[in-house]
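First the structure, in the form of structure tokens, and then the observations on it.
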Amino acid sequence: MFTAALMILVGFLASQQVLAALRQVQDARIRELAQLQIEALSVALGPLVSRNDIWGVYDTLDRASGQNEGQRLVFAAVANAGGAVLAATNPRRAPVDSNIAALTKGAQALDALSVAGKTAEIKVLAPLVYQGREVGQILTEMDVSDLVAARRRVSRWLLIGNAVATFLLAILGYLVMRRILMPVTRVVERMRESADAPEPIAPSDMPAGDSEMAQLARSYNSMVGAIGAKAEADRRLAERERFVSLGRLSSSLAHEINNPLGGLLNAVDTVQKYADRPDVVRESADLLRRGLGHMRDVARATLDLNRLDHTGAVLAAEDFHDLKLLIEPEISRQQQRLGWEVGKITCTLPAAPVRQIALNLLLNASEAAGREGRVSLKAGHSGGRLCLEIADSGPGLSKSACARLLGTEAAVTGSGVGLRLVRDLVNQLKGCVSFDRAGGETIIRVELPC
Amino acid sequence: MLNRRRVLIGAGALTLLPTLSAHAMVPFRLGLTPVFLDNDAEVISRMRAAFSEALGVDVKLEQRRTYEEVTALLLEGSIDAAWLCGYPYLQHKEALSLMAVPVWNGRPLYQSYLIVGTDSTAKGLADLRGGTHAYSDPNSNSGYLVTVSDLVRMGERPETFFGRTIFTYGHRNVVRAVAGGLMQSGSVDGYVWEALAKTEPALTARTKVLTRSEWLGFPPFCGRSDQMGTPRMQAMQQAILGLDKTEKGRAALSLLQLDGMTKAAPSLFDGIAARMRIMETVRP
């Protein structure tokens, strides 16, 4: 915009210069012509005016003005030294003996003659000198319409030329600017195309040299690399958090497997000892089946949790059964009370992330509740959404834990296992997490659209 | 006796014509004024050709600005003959003789016109008082004498009746001065005005004829009386009178819009003489 205005200004000034030069040339030309004409008339009219020869003056003027068509002299009047008109090319306009002063308004002197303005005729008043004596005055009107028209024509062409040149320069300027800003455009496009994971500019598209644009592109690529590294770090952190929760489970799970093992080994001893007693063997076999079945269930639930990324299974009520199975060892270790209320589950949400969310929240609730505390889970549908409500009798979420669960800023380290993972998983499922405290209980509510 | 001598000389001149032609000696000098012809180069060229052919010797046409100059040249013998006006002829009647008079519209007569611009409301000469007026020549009958004598007849003083008068030294110039608005009225040769009405109708269209004079003797060709008997003058007179007999002569006459030339008695100019007498009453 500024460039265009500058171009127009330059064009305007250049045009003014050209027109001023043209005006000077025209002024010089018309001055020369007027001088020649008046000198020629002076030579012819001098003796006639000096003896007041009216007819002679008229005849001379009439012949001079009627020499050819389209000539410059359109009117001339000659007066004697007293200012009385002797004759004019148009005597009706300047009658004999009238005062020439009535006609000289707006007349220019010969040496300051100018074709300024838009009038088609200019008026010149000059003294009539004969034999070194001023014998009268001559007033001439000259047709300068051709000069005015020429100037108007030049002005018009200058205007058109300037408009065309400005237009072309503006296009050229636009193209040049576009070329200059191409790397910036490329960066913007890259950022727009991949807002989640920006891609680096290909080496082939990198501006050459060490210009500002090349530096910008290199900085952008560095930034993209940093973002990629951070995403990778986040992913590893989430993975680690998942393993942390698994690690925390592992000790209680070891107990869960270890506890029945003593009973099962006793049953095996009983079978060996009382092999001849079919009732004892059958009872021991039942005991073995139940114990091994429980162990199988625990192993399967653990495997399912570990198989987070590989299963495409849809959430079902059995998943909450598995969760209960996984959390119960921890609950019983801390001698806590577990409230479990699971309604009918009918949704198409994937099982793995929901299980992870619930397990992490239950583990945290158990930890917060402390020994002999109270932990509860409520699951059910409400208005097309799956609602999970995990409550505990603990002191409530710390500020940092709250930030990790509800905030959007980068992860901060601190207590509370996998809260950040919970937040990420809920976001992936386009759900929301809320935190409340009521009746001495901390309640974390997760709502997921089905 | 004198008449007989003239006849004999005349007869001798006729017989001498071929001889004169054969000798082709001194060029014949004929005076003209632009008062009447206004420098029409073609007319002058045709007249010269016609006269040279008829006369057998080269004819030089001497032009001067005024009747006075041409009359003076004729009287002093610098020219052999001149196409004058009836007024200067009568002014020098004793020294000059008539050689021939042009015939216009069948008669050797013409009128003086008083002309005004087409926008004029004047009805007659009396209405032009205080205005501007263009005369052609102070020795012209139609371009001066007629108007001033009319004014005298009206009891006016010609030198004060008009506010401003000029002499244009040409009948065509009078028409130009009135047509162009330089002067409000003018005195002009009626023959010239009518001839211009055919050749330059745009010029005369800007004027209108206010009054016409009585018919007066047409401007004649004159020679000095003391030279009229010479073969040279006789031959020239025959050449002038016989213009309509030759092709070149007819071409010249055609351009002049004249029928031919005729002999005329001095009485043809009695009308002009009468006007001169009127003027004599007011001149000291």
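The values are calculated or read from the model by the stated rules, or taken from the named source; none is laboratory data. Source: prediction; values computed, not measured. Neighbour counts run over all protein chains shown; Cβ positions are idealised from the backbone, glycine included.
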Inset, instruction - Determine which member of the set A:Ala76, A:Ala64, A:Ala14 is within 14 Å of chain B (Cβ to nearest Cβ), at pLDDT below 85 and surrounded by 12 or more Cβ atoms within 10 Å (Cβ to Cβ). - result: A:Ala64
Inset, instruction - Being among the hydrophobic types (A, V, I, L, M, F, W, C) and more than 14 Å from chain B (Cβ to nearest Cβ) is the filter; apply it to region A:95-110 and report the residue that is surrounded by the fewest Cβ atoms within 10 Å (Cβ to Cβ). - result: A:Ala109
Legend entry - Test result for B:Gly223, buried (at least 21 other Cβ atoms within 10 Å of the Cβ), of a type outside the set (A, V, I, L, M), in contact (Cβ under 8 Å) with a residue 40 or more places away in the chain and not in a helix (DSSP H, G or I): yes
Legend entry - Residue under evaluation A:Leu41, criteria (1) more than 14 Å from every other protein chain (Cβ to nearest Cβ); (2) closer than 30 Å to B:Tyr135 by Cβ; (3) surrounded by fewer than 18 Cβ atoms within 10 Å (Cβ to Cβ), criterion not met: (3)
Inset, instruction - Determine whether B:Ser187 is in the same structural domain as B:Ser97 (by TED's automatic domain parsing) and under 20 Å from B:Glu68 (Cα atoms). - result: no
Legend entry - Failed criterion for B:Leu75 (all others in (1) surrounded by 15 or more Cβ atoms within 10 Å (Cβ to Cβ); (2) modelled with pLDDT under 95; (3) more than 15 Å from the chain's Cα centre (by Cα); (4) part of a helix (DSSP H, G or I) hold): (2)
Legend entry - Cβ-Cβ under 7 Å pairs, at least 6 apart or on other chains, region B:169-188 side facing another protein chain (nearest Cβ under 9 Å), far side among the basic types (Lys, Arg): B:Tyr169/B:Arg65; B:Gly181/A:Arg92
Inset, instruction - Check A:Asn52 against each of (1) within 14 Å of chain B (Cβ to nearest Cβ); (2) within 23 Å of B:Leu203 (Cα to Cα) and name the one condition it does not meet. - result: (2)
Inset, instruction - Report, by residue number, each residue of region B:116-139 that is without any contact (Cβ under 8 Å) to a residue 12 or more places away in the chain and either within 11 Å of chain A (Cβ to nearest Cβ) or in contact with a helix residue (DSSP H, G or I) (Cβ under 8 Å, 6 or more places away or on another chain) (or both). - result: B:Asp119, B:Thr121
Inset, instruction - Would you mind finding the one in A:Val154, A:Val148 that is surrounded by 13 or more Cβ atoms within 10 Å (Cβ to Cβ) and touching a helix residue (DSSP H, G or I) at 6+ places or on another chain (Cβ under 7 Å)? - result: A:Val154
Legend entry - Selected residue [touching a strand residue (DSSP E or B) at 6+ places or on another chain (Cβ under 8 Å), farther than 24 Å from B:Ala274 by Cα and in a loop (DSSP other than H, G, I, E, B)] from B:Gly130, B:Gly181: B:Gly181
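Yes/no per residue for (1) touching a residue at least 12 places away in the same chain (Cβ under 8 Å); (2) charged (D, E, K, R):
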{"position": "B:Thr246", "(1), (2)": "yes, no"}
{"position": "B:Ala251", "(1), (2)": "yes, no"}
{"position": "B:Ser267", "(1), (2)": "no, no"}
{"position": "B:Arg283", "(1), (2)": "no, yes"}
